[in-house]
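Colleague: Can you keep this structure in mind? I'll have questions shortly.
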Amino acid sequence: MSERPDLGRAMREALPVFEASPSLQAWAREEARKLDQESLPQREPLTRPLRSRVPRFAQWPIAAGLVIAAAAGWGAGVLRPGANLTSSTNATTSQLVDAHVRSLLPGHLLDVESTDRHTVKPWFAGKTDIAPVVVDLADKGFPLLGGRLDYVDGHTAAALVYGRRGHTINLFVWRTAAGEPGDGSFSVRGYSVLHWSNGGLTSWAVSDAALSELEAFRDAYVH
Amino acid sequence: MRLVSHADKSVEVGRAEGPQVGQFERVVLPHLSAGFTLAMYLTGNKADAEDAVQEAILRAVRYFSTLRDDDARAWFLTIVRRVCFTAYRTDRPQGTDMISIDAVGPQLVDSREQPDMAAERLQVQQRVRAAVDQLPPLLREAIVLRELQSFSYAEVAAVTEVPIGTVMSRLSRARARLADLLHDVVDFGDVA
């Protein structure tokens with residue numbers, strides 16, 4: 001060999017550096033935004049000055065998308081501002097969004113991976129006290145990806161996972177208990193949340209897809 | 001997970017978000033991949049490394065207000081390292097906690113090189129990996145932080161939570177061990 005590299009060059013050529021996966025990056029950004037929204041105002045000043053702050057929605061592509069959606073005339077009027085939610089509903093929707101984001105981490109989305117409802121539905125038997133309706137809605141644009149068990153807001157939930165044009169929809173189902181909020185739609189940290197109850201089961205759909213997409217999903221799922 | 005060459009190292013997380021996003025996102029998240037790389041070298045596998053970084057982010061969020069100085073990278077990697085040591089490594093036998101070199105593709109071989117030159121460089125790269133692999137964990141993390149991630153001695157000391165003198169001693173021992181194995185292909189200057 002004509003020229004020997006020094007140790008640093010030899011190591012940089014031989015050893016890889018790694019990049020955090022996109023889902024880990026997305027999850028971390030979500031955690032950062034939670035901190036920014038919930039805690040920063042109470043914190044002591046940091047050593048370097050904050051740059052001038054712009055309204056949150058302008059920083060947030062998803063929220064901006066919702067604004068555009070509202071301006072386009074759909075979705076307007078159904079998004080309820082967080083201030084109008086009761087605190088318990090607020091806590092529930094926040095936990096649902098947490099569960100949704102957590103599910104997108106590598107290896108967390110599916111316990112049973114199947115597009116076959118005859119595989120997914122029996123999988124829940126014996127693991128939960130409910131038998132959620134499992135239908136593949138691929139013909140309506142919402143292919144069934146699978147399911148998993150989750151724990152949200154004190155409930156063991158059956159989570160059904162559907163796809164929608166590159167988005168993931170988590171449908172959390174648990175037995176309706178006293179004091180459940182009424183049907184409604186919510187926007188939580190840029191995620192859409194849609195809630196409905198029927199047949200003794202309460203259902204929450206969560207996604208980063210537009211609320212109108214979730215409503216189309218609900219209509220397809222319920223019928 | 002994507003492997004990135006060092007030429008791409010400047011492509012870091014969060015750059016596309018612009019400067020106006022929150023403080024934590026701006027200060028800490030650019031070091032996510034550096035933290036993940038350290039976790040990969042400490043835990044030896046992607047699943048544990050991702051779990052460790054996830055836990056580190058949760059802790060970093062919780063303790064963000066304690067970050068006082070400017071070196072967010074060293075601060076965040078200190079947390080990553082603590083998580084790796086407490087949760088993902090102490091229960092493992094020594095020597096099983098390194099990435100298998102088979103899992104790592106050939107790096108940075110210039111396709112314009114003559115085939116025999118390329119083969120020779122691949123062989124050198126494999127020898128370097130194997131040599132780093134057999135280092136004891138404390139020496140390995142020091143040399144990886146210093147030579148692979150280009151940390152200053154002070155930063156290595158901060159991340160590994162030991163005095164600078166200890167860092168220099170560890171680096172010196174690591175270099176001596178590597179020199180024993182690699183002196184014919186790597187220039188160690190005075191050490192060899």
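The values are calculated or read from the model by the stated rules, or taken from the named source; none is laboratory data. All figures in this text were calculated on a predicted structure; none of them were measured in a lab. Backbone-built Cβ (ideal geometry, glycine too); neighbour counts: all protein chains shown. Just so you know, the surface numbers come from the protein's heavy atoms only, side chains and all, with ligands and any DNA or RNA stripped out. Shrake-Rupley method; radii C 1.70, N 1.55, O 1.52, S 1.80 Å.
Colleague: Can you tell me how many residues within the stretch B:171-182 are at the interface with chain A (Cβ under 9 Å from one of its Cβ atoms) and more than 19 Å from the chain's Cα centre (by Cα)?
Modeller: Counting residues in the stretch B:171-182 that are at the interface with chain A (Cβ under 9 Å from one of its Cβ atoms) and more than 19 Å from the chain's Cα centre (by Cα) gives 2.
Colleague: Another question about this same structure. Could you check A:Ala209 against (1) of a type outside the set (Phe, Trp, Tyr); (2) open to solvent by 20 Å² or more (accessible area, probe 1.4 Å); (3) in a loop (DSSP other than H, G, I, E, B) and say which number it fails?
Modeller: All conditions are met except number (2).
Colleague: Going by the structure shown, is B:Leu148 open to solvent by less than 10 Å² (accessible area, probe 1.4 Å), modelled with pLDDT under 90 and of a type outside the set (Val, Ile, Thr)? Spell out how you get there, then give the answer.
Modeller: Working: open to solvent by less than 10 Å² (accessible area, probe 1.4 Å): yes; modelled with pLDDT under 90: yes; of a type outside the set (Val, Ile, Thr): yes.
Considered against the rule, which asks whether it is open to solvent by less than 10 Å² (accessible area, probe 1.4 Å), modelled with pLDDT under 90 and of a type outside the set (Val, Ile, Thr), B:Leu148 comes out as yes.
Colleague: Related question: Of the residues A:Gly166, A:Gly179, which is at pLDDT below 80, closer than 20 Å to A:Thr89 by Cα and open to solvent by 60 Å² or more (accessible area, probe 1.4 Å)?
Modeller: Numbers: A:Gly166 fails: closer than 20 Å to A:Thr89 by Cα.
None of the other options fit; the residue is A:Gly179.
Colleague: Next question. Picking from A:Ala99, A:Ala69, A:Ala83, which residue would you name as being of a type outside the set (Ser, Thr, Tyr), open to solvent by less than 30 Å² (accessible area, probe 1.4 Å), part of a helix (DSSP H, G or I) and at pLDDT below 75?
Modeller: Numbers: A:Ala99 fails: at pLDDT below 75; A:Ala83 fails: open to solvent by less than 30 Å² (accessible area, probe 1.4 Å).
Exactly one residue qualifies, and that residue is A:Ala69.
Colleague: Filter the stretch B:26-46 for residues that are part of a helix (DSSP H, G or I), of a type in the set (S, T, N, Q) and open to solvent by 10 Å² or more (accessible area, probe 1.4 Å) and give the result. Full working, then the answer.
Modeller: Just the residues of the stretch B:26-46 that are part of a helix (DSSP H, G or I), to begin with: B:26-27, B:29-43, B:46.
Applying the additional criterion that residues be of a type in the set (S, T, N, Q) yields B:33, B:37, B:43.
If the condition is that a residue be part of a helix (DSSP H, G or I), of a type in the set (S, T, N, Q) and open to solvent by 10 Å² or more (accessible area, probe 1.4 Å), then B:Ser33 is the only one that fits.
Colleague: Anything in the stretch A:137-163 that is open to solvent by less than 60 Å² (accessible area, probe 1.4 Å) and outside any strand (DSSP E or B)? List them, or say none.
Modeller: The answer is A:Ala138, A:Gly141, A:Pro143, A:Asp153, A:Gly154.
Colleague: Within the stretch B:47-71, can you find the residues that are farther than 21 Å from B:Thr86 by Cα and either modelled with pLDDT of 85 or more or in a loop (DSSP other than H, G, I, E, B) (or both)?
Modeller: B:Leu67, B:Arg68, B:Asp69, B:Asp70, B:Asp71
Colleague: Residues in the stretch B:160-170: is at least one touching a residue at least 40 places away in the same chain (Cβ under 8 Å) and either within 12 Å of another protein chain (Cβ to nearest Cβ) or closer than 11 Å to A:Leu7 by Cα (or both)?
Modeller: Quick first cut of the stretch B:160-170, residues touching a residue at least 40 places away in the same chain (Cβ under 8 Å) only: B:160-161.
If we keep only those that are either within 12 Å of another protein chain (Cβ to nearest Cβ) or closer than 11 Å to A:Leu7 by Cα (or both) as well, we get none.
The answer is no; no qualifying residue exists.
Colleague: When you scan the stretch A:161-182, how many residues do you find that are free of Cβ contacts under 8 Å to residues at least 40 places away in the same chain, more than 19 Å from A:Val112 (Cα to Cα) and not acidic (Asp, Glu)? Break it down stepwise before answering.
Modeller: Going through the stretch A:161-182, the residues free of Cβ contacts under 8 Å to residues at least 40 places away in the same chain turn out to be A:163, A:166, A:176-178, A:180, A:182.
Now restrict to residues that are more than 19 Å from A:Val112 (Cα to Cα): A:166, A:176-178, A:180, A:182.
Those left that are additionally not acidic (Asp, Glu): A:166, A:176-178, A:182.
Final tally of qualifying residues: 5.
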